[in-house]
Amino acid sequence: MTTALAPQFAALTASDRCDRCGAQAYLRVELQTGGELLFCAHHAREHGDKLRSIASNVQDETHKLQPSSTTASDSDS
């Protein structure tokens, strides 16, 4: 008996670019028909429902976009 494992995607990097606008990609969509598409967070939200309906797998790394808690110190003023 063999067990099929879910596809494992490599983590998206800064060199992965949105197929729509060229910004950094945070979503990889593997299509049911073959091939894949990459999207920035903006276009992933804009087209998310449609993408999920045609996808066989979705790698969503938008969690990497958490706001930075870095603030300037009072001495920087």
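Here are the numbers for the structure shown:
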| read-out | value |
| --- | --- |
| Residue check for G34: at pLDDT 95 or above and at positive phi | no |
| Enumeration of residues in region 13-57 that are among the β-branched types (V, I, T) and surrounded by fewer than 17 Cβ atoms within 10 Å (Cβ to Cβ) | T13, T33, I54 |
| Some residue of region 2-15 being at pLDDT 95 or above and either in contact with a Leu (Cβ under 6 Å, 6 or more places away or on another chain) or of a type in the set (D, E, K, R) (or both) | no |
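The values are calculated or read from the model by the stated rules, or taken from the named source; none is laboratory data. Computed from a prediction, not measured in an experiment: that's the story for all the values here. Counting neighbours? That spans all protein chains shown, and the Cβs are built from the backbone with ideal geometry, glycine included.
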